[in-house]
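First the structure, in the form of structure tokens, and then the observations on it.
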Amino acid sequence: DFFVRENGKAIDYHTEFEQKTRFLNSLKLKNGKRHKRNFTTATDIHEPLGSVYAVRRMELKPGDRFQRYIWDGRKERLIDCQVAGVETLTTDAGVFETLRIEITTRVSGGFIKRSVLNNPIRKGTIWIANDRWRTPVKMIAPTKLGNAEAVLIRRYVEKGNIDGAASTTLGLSN
């Protein structure tokens, strides 16, 4: 689900995705009207935040390159990723040894006008800790309004958690 509330307008997008067939059913609610659409993705796809968690499961090292597709509620985007190096990053949550992953994104399909396929490539960066949890530490992601930044600000271990898995809190800024 994706909700837009800006400039006095309200638009709701509800999307269901069938992983096996890569088929998306979408419902757009705007001004009391319902608009149903569907789309078949190019390959397996994630929503934007889920793609960060998918990267956490990968065994990565500097120099590795890979591609993923994401769906933002309206557009399919191809994400090209390169592990650019190892970097020490300091946040309010501490000091982390991280993998710095440089990303470029371009629209590859979806509920768009054909001309959108010619939009410029956008660039961003993701920092994933080299700890046992592969903690997402920081992300700078391109949006049409500018770069959005998410930074790990707090980390804690829940009581009674046997394996010591950490929970995280991200702070967002624009």
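Counting residues that are surrounded by 15 or more Cβ atoms within 10 Å (Cβ to Cβ), which strands (runs of 3 or more DSSP E) fully inside the stretch 1-90 reach at least 3? Please lay out each step first, then the result.
On the way: elements: 2-6, 9-18, 23-30, 33-40, 65-71.
The qualifying strands (runs of 3 or more DSSP E) are 9-18, 23-30, 65-71.
Conditions (1) of a type in the set (Gly, Ala, Ser); (2) farther than 24 Å from Ile126 by Cα; (3) out of contact with any His (no Cβ under 9 Å at 6 or more places or on another chain), marked per residue:
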position: Tyr13; (1), (2), (3): no, yes, yes
position: Arg34; (1), (2), (3): no, yes, yes
position: Gly50; (1), (2), (3): yes, no, yes
position: Arg56; (1), (2), (3): no, no, yes
position: Glu59; (1), (2), (3): no, no, yes
position: Lys75; (1), (2), (3): no, no, yes
position: Gly85; (1), (2), (3): yes, no, yes
position: Ala93; (1), (2), (3): yes, no, yes
position: Glu97; (1), (2), (3): no, no, yes
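Can you pull out every residue in the stretch 1-23 that is without any contact (Cβ under 8 Å) to a residue 40 or more places away in the chain and of a type outside the set (D, E, K, R)?
Phe3, Val4, Asn7, Gly8, Ala10, Ile11, His14, Gln19, Thr21, Phe23
Just to verify a result, which residue in the stretch 99-124, among those that are part of a loop (DSSP other than H, G, I, E, B) and free of Cβ contacts under 8 Å to residues at least 40 places away in the same chain, is farthest from Ala84 (Cα to Cα)?
So the first thing to find is which residues in the stretch 99-124 are part of a loop (DSSP other than H, G, I, E, B), and the list is 111-113, 119-121.
Among the residues that remain, those that are also free of Cβ contacts under 8 Å to residues at least 40 places away in the same chain are: 112-113, 119-121.
Working: Ile112: 32, Lys113: 33, Asn119: 25, Pro120: 22, Ile121: 18 Å.
Here the answer is Lys113.
Inspect all residues belonging to the stretch 152-164 and state whether any of them is open to solvent by 30 Å² or more (accessible area, probe 1.4 Å), under 19 Å from the mean Cα position of the chain (by Cα) and either within 15 Å of Ile101 (Cβ to Cβ) or modelled with pLDDT of 85 or more (or both).
Narrowing the stretch 152-164 to residues open to solvent by 30 Å² or more (accessible area, probe 1.4 Å): 153-163.
Narrowing further to those that are under 19 Å from the mean Cα position of the chain (by Cα): 153.
Adding the requirement that they be either within 15 Å of Ile101 (Cβ to Cβ) or modelled with pLDDT of 85 or more (or both) leaves 153.
Looking through the stretch 152-164, at least one residue is open to solvent by 30 Å² or more (accessible area, probe 1.4 Å), under 19 Å from the mean Cα position of the chain (by Cα) and either within 15 Å of Ile101 (Cβ to Cβ) or modelled with pLDDT of 85 or more (or both).
The values are calculated or read from the model by the stated rules, or taken from the named source; none is laboratory data. In this text, all values refer to a predicted model and were calculated from it rather than measured experimentally. Cβ sites come from the backbone with ideal geometry, for glycine too, and all protein chains shown count toward neighbours. These area figures cover heavy atoms from the full protein model, side chains too; ligands, DNA and RNA do not enter into them. Shrake-Rupley method; radii C 1.70, N 1.55, O 1.52, S 1.80 Å.
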